[in-house]
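Student: Below is the structure I would like to discuss, written out as structure tokens.
The values are calculated or read from the model by the stated rules, or taken from the named source; none is laboratory data. Since the structure is predicted, the reported quantities are computational estimates derived from the model, not experimental observations. For neighbour counting, all protein chains shown are included, and Cβ atoms are generated from backbone atoms with ideal geometry for every residue, glycine included. We work out accessible area using only protein heavy atoms, side chains counted, and drop any ligands, DNA or RNA first. Shrake-Rupley method; radii C 1.70, N 1.55, O 1.52, S 1.80 Å.
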Amino acid sequence: MTKISLPDGSVREFPAPPTVAEVAASIGPGLAKAALAGRVDGTLVDTSYRIEHDARLAIVTDKDPDGLEVIRHSTAHLLAYAVKALHPDAQVTIGPVIDNGFYYDFSYKRPFTPEDLAAIEAKMAELAKKDEPVTREVWQRDDAVKFFESIGEKYKAEIIASIPADQPIGLYREGAFVDLCRGPHVPSTGKLKVFKLMKLAGAYWRGDSKNEMLQRIYGTAWARKEDQDAYLHMLEEAEKRDHRKLGKQLDLFHLQDDAPGMVFWHPKGWALWQQVEQYMRRVYQDHGYQEIRCPQVLDRSLWEKSGHWENYKDHMFTTASENRDYAVKPMNCPGHVQVFNSDLRSYRDLPLRYGEFGACHRNEPSGALHGIMRVRGFVQDDGHIFCTEDQILDECIAYTALLHEVYRDFGFTDILYKVATRPAKRVGSDELWDKAEYAVMESLRRSGVEFTIAEGDGAFYGPKIEYTLRDALGRHWQCGTMQVDFFMPQRLGAEFVAEDNARHHPVMLHRAIVGSLERFIGILIENHAGAFPPWLAPVQAVVLSITEGQADYARDVAQALKKQGFRVQADLRNEKIAYKIREHSMQKVPYLLVVGDKERQAGQVAVRARGGVDLGPMAPDAFTRQLADDVSNRKA
């Protein structure tokens, strides 16, 4: 008898080893129909998988996250099936699942067109309706290589040939199409009902620019149509909020080929930047950080000592002078250690908190650059805390509380937490890594938050907490970090005199709240759709005259507001007031103050809030109090 334990605690017995599908059928016809895959002792398998021993089994349906991944993976194969049906001489390569969908790369004699995409999607729907079984076959490697070579699929043959000869090769067959895959997949194509092809892109074979440029087709797939509709609506909203478009529309910044990955900030964009930087500067001051400034270019020997040269040099810009090699700093930590080392420190000095708005440069691939979200030159709100082992937990807990406060002020209240643990390529002993990993996890537990673990994703010098924001569209942005580092202070000779009068190495906590200011401002632009709250808005109010007769009064009102520290402009142009209002509304200015003869004579302004809300006439002093309240309370 084979005993199958189910998630509800029940156990079913079978006289012979059953398949996942047979177990589902024994529970009920509804589950048998809904089953997409199974999880046997934690491993995801096909419904055709035969369970040869007593095991724990969970039936995977489209209500499970794993079920959605199986749907997307299977839809990628359906895409390849449709391409081969329409374009038999196209060659298939790889087709993985990605966030919210999948892609598949093809080699083809001509570029695919939007019309091709529409035809391929229609063919996918046609093949799905056939409800053809998706079956798994196990081949010997060399037989699989010969098969794919015989049907002209050189890329698949190359992939399979790179697999060790003693490993079985899993192939999946649906109708006339056969593909290499680990699986699992849906039991039949009829399970794939909600999908859409999204776009075309180029991709080098195996990611190497020396190889052929392939054509990548992106798609999305869902269990339910309403989920896909919501996703497509979110994409439409994201398109409207694209920081690159809004950056141009609102005259905030631009980028150009003369400085790839570097930002040209315009006056309004720099005003926004300054609000973020000055806010963070006050945060530093209020929480015991001392602001410092370190050189942009440091000798290669320092980067070798820190470990960056060995682990990060491919991403560093380098230069030379007078037979010495230098690197433009990609990060600020080694410089901060030099400031710590500039004097003999006592345990009484710790924790010592340094903060820097440090300009960094990283040699990112040109294809990875994306507006101001992914750049080569950027500024971090970088901070390093030098402390004792006994102080780590308190510092990490206090940092998480501070981060909550900052994110809330910027309009983010939904935060996700992840701990990234030791990578394969790292420095230091496992004993110290154990201490560091315990510290970051325990700090989150004591902060009362739940977190996930990303095995092997830590930095080469220490584990880290990643703080991820969820924006107005539900998108995730990883911004803040906290890293516990026992090693860099040792490598760079940082010491303090402890209570026992002996010298010890401090622990170094690497932390950033917003991370790259460029990227964070891009996130702010998209989260607020360019309609920044008054405290952040580059222009908080515009005073508009209706005719030339109110120009002097309008100018005086604007000047009075400027003297009180507000960012205000006066629009005295000889244009129709409706035109002026529309123009500044398009610029998403929080307040428009309209001045006609009536307002001038009464010593008032007619106030319109963003969105066309008429707040009526009020004295300039009353408006000043309202704007001051918006700013001091950081109202949205």
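Student: Please work out which residue is most open to solvent (accessible area, probe 1.4 Å), limiting yourself to segment 449-474 and to residues that are within 18 Å of ASP414 (Cα to Cα) and modelled with pLDDT under 90.
Tutor: ALA472
Residue-wise test of (1) modelled with pLDDT of 95 or more; (2) farther than 30 Å from ASP382 by Cα; (3) not polar (S, T, N, Q).
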position: TRP222; (1), (2), (3): yes, yes, yes
position: GLU226; (1), (2), (3): yes, yes, yes
position: MET234; (1), (2), (3): no, yes, yes
position: GLU239; (1), (2), (3): no, yes, yes
position: LEU252; (1), (2), (3): yes, no, yes
position: PHE264; (1), (2), (3): yes, no, yes
position: ALA271; (1), (2), (3): yes, no, yes
position: GLN274; (1), (2), (3): yes, no, no
position: GLU277; (1), (2), (3): yes, no, yes
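Student: In segment 95-113, what residues are in contact (Cβ under 8 Å) with a residue 12 or more places away in the chain and open to solvent by 80 Å² or more (accessible area, probe 1.4 Å)?
Tutor: Listed by number, the residues that qualify are LYS109, PRO111.
Student: Among the residues that make up segment 154-163, is at least one of them in contact (Cβ under 8 Å) with a residue 24 or more places away in the chain, open to solvent by 70 Å² or more (accessible area, probe 1.4 Å) and out of contact with any Leu (no Cβ under 6 Å at 6 or more places or on another chain)?
Tutor: Within segment 154-163 (the criterion being in contact (Cβ under 8 Å) with a residue 24 or more places away in the chain, open to solvent by 70 Å² or more (accessible area, probe 1.4 Å) and out of contact with any Leu (no Cβ under 6 Å at 6 or more places or on another chain)), the answer is yes, since at least one residue qualifies.
Student: What is the one condition in (1) exposed (fewer than 13 other Cβ atoms within 10 Å of the Cβ); (2) touching a residue at least 24 places away in the same chain (Cβ under 8 Å); (3) more than 30 Å from ALA35 (Cβ to Cβ); (4) not polar (S, T, N, Q) that TRP205 does not satisfy?
Tutor: Of everything listed in (1) exposed (fewer than 13 other Cβ atoms within 10 Å of the Cβ); (2) touching a residue at least 24 places away in the same chain (Cβ under 8 Å); (3) more than 30 Å from ALA35 (Cβ to Cβ); (4) not polar (S, T, N, Q), TRP205 misses just condition (1).
Student: Would you check if there is a residue in segment 290-297 being more than 30 Å from ARG324 (Cα to Cα), in contact (Cβ under 8 Å) with a residue 40 or more places away in the chain and open to solvent by less than 60 Å² (accessible area, probe 1.4 Å)?
Tutor: Checked segment 290-297: no residue is more than 30 Å from ARG324 (Cα to Cα), in contact (Cβ under 8 Å) with a residue 40 or more places away in the chain and open to solvent by less than 60 Å² (accessible area, probe 1.4 Å).
Student: Taking the options GLY335, GLY371, name whichever one is at positive phi and touching a residue at least 24 places away in the same chain (Cβ under 8 Å).
Tutor: GLY371
Student: Okay, next question. So if I check each of ARG324, ARG282, ARG345, ARG353, which one is of a type in the set (Lys, Arg), surrounded by fewer than 17 Cβ atoms within 10 Å (Cβ to Cβ) and either in contact (Cβ under 8 Å) with a residue 24 or more places away in the chain or closer than 16 Å to MET488 by Cα (or both)?
Tutor: That would be ARG324, the only listed residue that is of a type in the set (Lys, Arg), surrounded by fewer than 17 Cβ atoms within 10 Å (Cβ to Cβ) and either in contact (Cβ under 8 Å) with a residue 24 or more places away in the chain or closer than 16 Å to MET488 by Cα (or both).
Student: Hey, another quick one. Please state which one of ALA76, ALA37, ALA85 is open to solvent by 40 Å² or more (accessible area, probe 1.4 Å), at pLDDT 95 or above and touching a Gly at 6+ places or on another chain (Cβ under 9 Å).
Tutor: The unique qualifying residue is ALA85.
Student: State yes or no: is ILE513 surrounded by 24 or more Cβ atoms within 10 Å (Cβ to Cβ) and at negative phi?
Tutor: Answer is yes for this residue.
Student: Since GLY458 meets every condition but one in (1) among the small types (Gly, Ala, Ser); (2) in contact (Cβ under 8 Å) with a residue 24 or more places away in the chain; (3) under 27 Å from SER346 (Cα atoms), which condition does it not meet?
Tutor: (3)
Student: Need the failing condition index for GLU548 against (1) surrounded by 15 or more Cβ atoms within 10 Å (Cβ to Cβ); (2) of a type outside the set (S, T, N, Q); (3) touching a Leu at 6+ places or on another chain (Cβ under 9 Å), just the number.
Tutor: (1)
Student: Among the residues of segment 121-176, which ones are under 30 Å from LYS196 (Cα atoms), aliphatic (A, V, I, L, M) and assigned to a loop (DSSP other than H, G, I, E, B)?
Tutor: ILE151, ALA176
Student: Moving to a separate point now. Do we find a residue being aliphatic (A, V, I, L, M), at pLDDT 90 or above and more than 19 Å from ASP105 (Cβ to Cβ) anywhere in segment 189-198?
Tutor: yes
Student: Related question: Give the residue, chosen from LYS418, LYS435, that is modelled with pLDDT of 95 or more, more than 25 Å from TRP309 (Cβ to Cβ) and open to solvent by 40 Å² or more (accessible area, probe 1.4 Å).
Tutor: Going through LYS418, LYS435 in turn, just one is modelled with pLDDT of 95 or more, more than 25 Å from TRP309 (Cβ to Cβ) and open to solvent by 40 Å² or more (accessible area, probe 1.4 Å): LYS418.
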